[in-house]
Every structure is written in C-alpha cells, then in structure tokens.
Amino acid sequence: MQQFSHDTIVVLDFGAQYSQLIARRVREMHVYSQIVPYTTSAEDLRKMQIKGIIFSGGPSSVSGSGSPRPDEAIYSLGIPILGICYGLQVMSVQNGGCVQRPDKREYGIAELETVDSTSALLQGISAGSKLWMSHGDSVSSVAEGFRQTGRTKNCEFTVLENDEKQFYGVQFHPEVVHTSEGTHLLSNFVLKICKAAPDWDMGSFVSTAIEDIRKKVGDKQVLCGLSGGVDSAVAAVLIHQAIGDQLVCVFVNNGMLRKGEAERVQKVFRDSYKIRLQYADAQDAFLSALAGITEPEAKRKIIGKVFVDTFYEAARSAGEISFLAQGTLYPDVIESKSPSGGPSATIKSHHNVGGLPEDLKWDLLEPLRELFKDEVRELGRELGLPEDMVNRHPFPGPGLGVRCVGEVTKKRLDTLRDIDAIFIEEIRSAGLYDEIWQALACLLPVKSVGVQGDERTYEEVCSLRAVTSEDAMTADWYRFPPEVLERAANRICNEVSGVNRVLYDITSKPPGTIEWE
Ligand code: XMP
C-alpha cells in the first residue's frame, strides 16, 4: 500500500459522478488527495498515514441489498471522516442511524436554513447559502453521538456532526460549483478539522511521481506513443525525468497531421528534451491504404489498422520493452472502465491501438491517471513544455483524415493543412484561442464556381468550425467577431490553392458532432 510523503486526504469512492471533483477541490487547496475504492480496508488506510477521509456520494440506496459499505473498522481509526450524500447516509446507518426514501427526490438548489454557530464544519458559512442537492434517500434518524448543525426546507438532517469522533456529513454536494460556499466547507474539513498542511503543489507531484515510476520500472524499458497531444507529451517528459534513456518514444507521421507538427514534435522531444524518439514516417502507407475510400467508418478503421501496424513495427525495433506508457487521465479511466477490466481494454482509443499482439505483453504505466486535463496542463508547464503545446485544442487521433470529407489524398490534405494553419493563426492573433474549446477546418467534396482576378475557378469548399464546450459531449458554435472570420476567409481564398469558398458552421452539438467526417 502506498504511503504518502505529503499530508493526504483520501476520497473513498462509492461510484459518484463527482468523486474526482472532490479530490480535485482538495488539491486546489494544496493538499494532496487521491481516490481509492470503497473496498479499501481500514488496515490499508491506516498504513497510508492519511490525515482525513471523505466518503463520496454514489448512485446506490443504502437500504438496497448489496449496497456498497466501507470496512466498519474505518470508524475506529481515529481519522476524521466527512461523508457526502450517500457517504453521509452510509456513515449514519453504520453508526446506528436510519435512512429513508421520502416521496420526492430532491434535485437542484436548496438554501441552508439554520446553522448551528458552534459547528466546526460550517464555520464562516452563513444561513441562506446555496447548496446543490441530488438525492433520493435522506437520513431520518440520527446516529448516537451525532448532532444536527444545518437543515434545509426539504431536508431535516442536511448537516450532521459528531465532534468527539470527528465524523461529519452533508446531504448536499460541496464539491460542485453550484454550492456557493462548498470550497469553504471542504477547507474547514481539510485544513481545520484534519489539520492537513497545505504544502502540496505540482512540483511535489513531480517528485512523488518520479519516485513511483522508478520503483515500478526498475531497470526495464518503457515505450510511449506520442500523439502530439498534451497528455502523451506530459507523460513522456515526466517519465523521461524519472528514467532517462530507458524511455523510448514512438511518433507516427500518418500524413494527416497539422502543418509543421512532425518537425515540431521531433524538435521538442529529440532536440530539446533529448528523449529517444523513433520517428515513423508512414505517410505513404496511410495514403495508399486510404485510396478511393470515402465512407467515414471505413476510413477510421483503415487509419486505425495502419497505425497499429506502424506503431508495433517501430516498437519491435526499440528492443526489449516491458511497459507501455499512456497519458490516460482520470476522465479516461472512468470512461474506459470495462466489465473485463483487463489492461488492454483501457488502452486509449484515440491512439487507435487495439488489443496488444500476443508477443508484446506490456504492463501499463499511467502516471497521470489521477489528474484532470487542466492539472495535466499545469504539470506540463512545471516540466517546461512550451505553452502552445500545453494549451492546445483537442485534435482527433485520425487527424485531418476525418476532416477531409470524401477521399483522403495528399493534395487535399495539403490544402486542408494550409487552411487549418491560417484559421488557427487568425484565431491566435485575435487573442481568442483560449476562449474556444476547439477550432477546425474541413474540406468538403463539393466544387463550386468562383472568380479570382479575371479567371473563373472551379474548386472545393471548406467549412470552418469553432465551438465552446465543457467536455465535448455537447457544444455550441462560437460567436466570432465578424472581422476575424472575414480575415480568415480572405486569406484562405487568396493563399490556398484548391479552395475558393469558405463557410462557417453554426450547428451546435447535438444535432451536429464537433468533427465533420
Ligand atoms: P465529435 O465529432 O464526436 O467529437 O463531436 C468529440 C470530440 O472527440 C474528438 N474526436 C476524437 N478524438 N480520436 C480522438 O482522439 C478520434 O478518433 C476522435 N474523433 C473525434 C473531437 O475532436 C472532439 O474533441
């Protein structure tokens, strides 16, 4: 079991949508926090030498058969516990209280009505504070030793505390932004009740991660596929700091990269960081496999297959490899939780790596799996990666191949690369890059008539798209100042051959997707 070098708050995960947010809020106050499964034994928690435990919420009903319950010995560890939503309910039931399901579920904003001024958890939080509720069950009778310190109109036992044992519980979700003083409440628990020292930062993350990587890898070799995206870049640089030349990176040029990307990746990783880099230039293999193919799924499958073949060929020439490093982040871990759960099931789909071939049995090394995207960006800065590499828009694994609607040819890719470069350049110079989740250009297999100089042209049409989004599940089209679009469209028509008309896509997602295919 891991023992932490900094004061740590562990989040016991009961399957809530928000478990990762709790850990992240704690890290935001410079205290390290990590999520562990609710099945973690009290003995293991004791060995970790943690300062406090937070029970997350969860989708189960505590009265349902087989509902997740923590090891009861946790209540004898002498460590402060904060239960959130389901976490409060399970703590109440295990300590002799009762939970019931009222007629109505409570979902949305509530107001904290009364506050006991002696409450340790609610110190500095005022009556009237907005709380975010999302629950079916609630506590109906309070366990011995607990007292009520806060209520709302619809929920009697909204905040419960057992001062002697330092057990606390809230029915609402302090970790979400809709709870107006949620961060304050969490800091009361973490800093005042648990007395965790706020001395953790990304620099501490780096030193701990380096130690962990060295311990895990020993003298073996690690392979890391670089995609050009921030996650794999940060993972590679971090691992390189830990084990130097025991890391081999593979970068596949599939011919569908952004303008200058292949050169840039080589410059940063090989020249600046001195990382061993296998550069596989497979442009021809991709293009010939894609010749004549226009159906989007067929294109994706071909790109995926050629990628896998190229990647493994490069890997085989790298010598004996024991670990495959991936820049998997916490949201990826959640998304890829599969019933089979085997390591190959969690390989990031955007690398388009399917199951590992029989002769390449690698263990996974995923040093970023506790982190969120913006934390990875912060880590990238800490490791000295260039800002525009750390802070870039998402880019699909199959690259410009998906944005070349219709057949993927060298000529069309070159046209699209130029269009994309101009569009992104104009967005950057207007200072709008960071306001936009993702900006892209695609080339449509539609020709139209135009006129340039005195000449009639008959060329393809491109569509520009920029969206705002939180998580790419839904997206809205970005409202550009018209002059930015005007400049981009003018430059594209004047500077790029093969295109004579520019559209701007104002479809939201749904019904559209972000990419065109
Ligand atoms: P859509 O087009 O489905 O895209 O709205 C949602 C997000 O996913 C990205 N995307 C991909 N990312 N490999 C990736 O790594 C892919 O094959 C892929 N396809 C779409 C897309 O850019 C957007 O951010």
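The values are calculated or read from the model by the stated rules, or taken from the named source; none is laboratory data. Source: prediction; values computed, not measured. All Cβ positions, even for glycine, are placed from backbone atoms using ideal geometry, and neighbour counts span all protein chains on display.
Of note:
- Candidate set from region 303-331 (those that are among the β-branched types (Val, Ile, Thr) and part of a loop (DSSP other than H, G, I, E, B)); member that is modelled with the highest pLDDT: Ile321
- Only a single item in (1) surrounded by fewer than 16 Cβ atoms within 10 Å (Cβ to Cβ); (2) in the same structural domain as Pro174 (by TED's automatic domain parsing) is not met by Gln3, and it is number (2).
Matching residues to (1) at pLDDT 95 or above; (2) hydroxyl-bearing (Ser, Thr, Tyr); (3) under 28 Å from Pro68 (Cα atoms):
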site: Glu106; (1), (2), (3): no, no, yes
site: Thr114; (1), (2), (3): no, yes, no
site: Phe172; (1), (2), (3): yes, no, yes
site: His178; (1), (2), (3): no, no, yes
site: Leu186; (1), (2), (3): yes, no, yes
site: Val190; (1), (2), (3): yes, no, yes
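- Within region 465-488, the set of residues being outside any loop (DSSP other than H, G, I, E, B) and more than 11 Å from the ligand (Cβ to nearest atom) comprises Ala466, Thr468, Asp476, Trp477, Pro482, Glu483, Val484, Leu485, Glu486, Arg487, Ala488.
- For Ile492, the criteria (1) in contact with a Cys (Cβ under 7 Å, 6 or more places away or on another chain); (2) in a strand (DSSP E or B) hold in every case but one, which is (2).
- Filtered residue count, region 388-437, keeping only those that are in a helix (DSSP H, G or I) and in contact with a Pro (Cβ under 6 Å, 6 or more places away or on another chain): 1
- Of the numbered criteria (1) crowded, with 17+ Cβ neighbours inside 10 Å; (2) over 11 Å from Leu12 (Cα atoms); (3) of a type in the set (A, V, I, L, M, F, W, C), the one Ala73 fails is (1).
- Residue selected from region 489-517 under the condition surrounded by 17 or more Cβ atoms within 10 Å (Cβ to Cβ) and aliphatic (A, V, I, L, M), by the criterion nearest to the ligand (Cβ to nearest atom): Ile514
- Qualifying residue in region 451-458 (condition: part of a helix (DSSP H, G or I), more than 16 Å from the ligand (Cβ to nearest atom) and farther than 18 Å from Cys404 by Cα): no
- Within region 387-406, considering residues that are more than 16 Å from the ligand (Cβ to nearest atom) and over 27 Å from Phe286 (Cβ atoms), the one surrounded by the fewest Cβ atoms within 10 Å (Cβ to Cβ): Glu387
- In region 447-476, of all residues being farther than 28 Å from Pro511 by Cα and among the acidic types (Asp, Glu), the one that is surrounded by the fewest Cβ atoms within 10 Å (Cβ to Cβ) corresponds to Asp454.
- For region 477-488, residues that are more than 33 Å from the chain's Cα centre (by Cα) and surrounded by 13 or more Cβ atoms within 10 Å (Cβ to Cβ) total 2.
- Scanning region 407-426 for residues that are within 16 Å of the ligand (Cβ to nearest atom) and under 28 Å from the mean Cα position of the chain (by Cα) gives Asp420, Phe423, Ile424.
- All conditions but one from (1) closer than 30 Å to Thr415 by Cα; (2) more than 24 Å from the chain's Cα centre (by Cα) apply to Ser227; the one that does not is (2).
- The single condition from (1) touching a residue at least 40 places away in the same chain (Cβ under 8 Å); (2) more than 17 Å from Met202 (Cβ to Cβ); (3) among the small types (Gly, Ala, Ser) that Ser5 fails is (2).
- Filter result (free of Cβ contacts under 8 Å to residues at least 60 places away in the same chain and more than 21 Å from Lys215 (Cα to Cα)) within region 230-259: Phe251, Asn253
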